[in-house]
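A.B. asks: Let me give you the structure first, and then I'll get to my questions.
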Amino acid sequence: WYIGFDGPVTYKNARRAPEVAAITPPERMLVETDSPYMAPVPVRGKRNDSRNLSYVLETLAAWKGMTPEALTAITWENGRRLFRIP
């Protein structure tokens, strides 16, 4: 199983997201865009696309006590494994 995290994790009212992220192993996390809706803060209200994944990764990495770069590498591999991309 994997759990996808997207733009709303950056919202002030995302109260449960930090709890879910805390108990989710990084090896089971995916990062999503929810394009074209639900853009993360600071681009909330604008059209969303993959350029905004860094905001989600920064938030998750801070909650996990990791660098965004480390979490990016892990979630990249998770996506490759899930979708069987060599």
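The values are calculated or read from the model by the stated rules, or taken from the named source; none is laboratory data. All values derive from a computational prediction rather than experimental measurement. Reconstructed Cβ throughout: ideal geometry from the backbone, glycine too, with neighbour counts over all protein chains shown.
A.B. asks: Considering each residue of the stretch 43-53, count those that are without any contact (Cβ under 8 Å) to a residue 40 or more places away in the chain and farther than 19 Å from ALA73 by Cα, and give that number. Give the steps one after another, and end with the answer.
C.D. replies: Keep residues of the stretch 43-53 that are without any contact (Cβ under 8 Å) to a residue 40 or more places away in the chain, which gives 43-47, 49-51, 53.
Filter once more, keeping what is farther than 19 Å from ALA73 by Cα: 43-47, 49.
Total satisfying the criteria: 6.
A.B. asks: Now for a different question. Quick one: in the stretch 43-69, which of the residues that are more than 12 Å from the chain's Cα centre (by Cα) and surrounded by 14 or more Cβ atoms within 10 Å (Cβ to Cβ) is farthest from TYR11 (Cα to Cα)? Let's see the steps before the verdict.
C.D. replies: Within the stretch 43-69, the first condition is being more than 12 Å from the chain's Cα centre (by Cα), and the residues that meet it are 43-49, 51, 65-67, 69.
Add one more test, that the residue is surrounded by 14 or more Cβ atoms within 10 Å (Cβ to Cβ), and what stays is 43-44, 48, 66.
Details: VAL43: 11, ARG44: 9, ASN48: 14, MET66: 20 Å.
Checked the stretch 43-69; the qualifying residue farthest from TYR11 (Cα to Cα) is MET66.
A.B. asks: Here are the criteria: (1) at pLDDT 95 or above; (2) closer than 19 Å to ARG80 by Cβ; (3) of a type in the set (Ser, Thr, Tyr); (4) within 10 Å of the chain's Cα centre (by Cα). Tell me which single one THR24 does not satisfy.
C.D. replies: So the condition that THR24 fails would be (4).
A.B. asks: While we're on this one: Determine, yes or no, whether ASN78 is in contact (Cβ under 8 Å) with a residue 60 or more places away in the chain and buried (at least 17 other Cβ atoms within 10 Å of the Cβ). Break it down stepwise before answering.
C.D. replies: Working: in contact (Cβ under 8 Å) with a residue 60 or more places away in the chain: yes; buried (at least 17 other Cβ atoms within 10 Å of the Cβ): yes.
Yes.
A.B. asks: Please name all residue pairs, on different chains or six or more residues apart, with Cβ atoms under 6 Å, provided the first residue is in the stretch 5-31 and is under 15 Å from PRO42 (Cα atoms) and surrounded by fewer than 18 Cβ atoms within 10 Å (Cβ to Cβ) and the second residue is modelled with pLDDT of 95 or more and among the aromatic types (Phe, Trp, Tyr).
C.D. replies: none
A.B. asks: When you look at PRO40, is it touching a residue at least 24 places away in the same chain (Cβ under 8 Å), surrounded by 13 or more Cβ atoms within 10 Å (Cβ to Cβ) and not polar (S, T, N, Q), yes or no? Step through it out loud before you land on a result.
C.D. replies: Working: touching a residue at least 24 places away in the same chain (Cβ under 8 Å): yes; surrounded by 13 or more Cβ atoms within 10 Å (Cβ to Cβ): yes; not polar (S, T, N, Q): yes.
It is true that PRO40 is touching a residue at least 24 places away in the same chain (Cβ under 8 Å), surrounded by 13 or more Cβ atoms within 10 Å (Cβ to Cβ) and not polar (S, T, N, Q).
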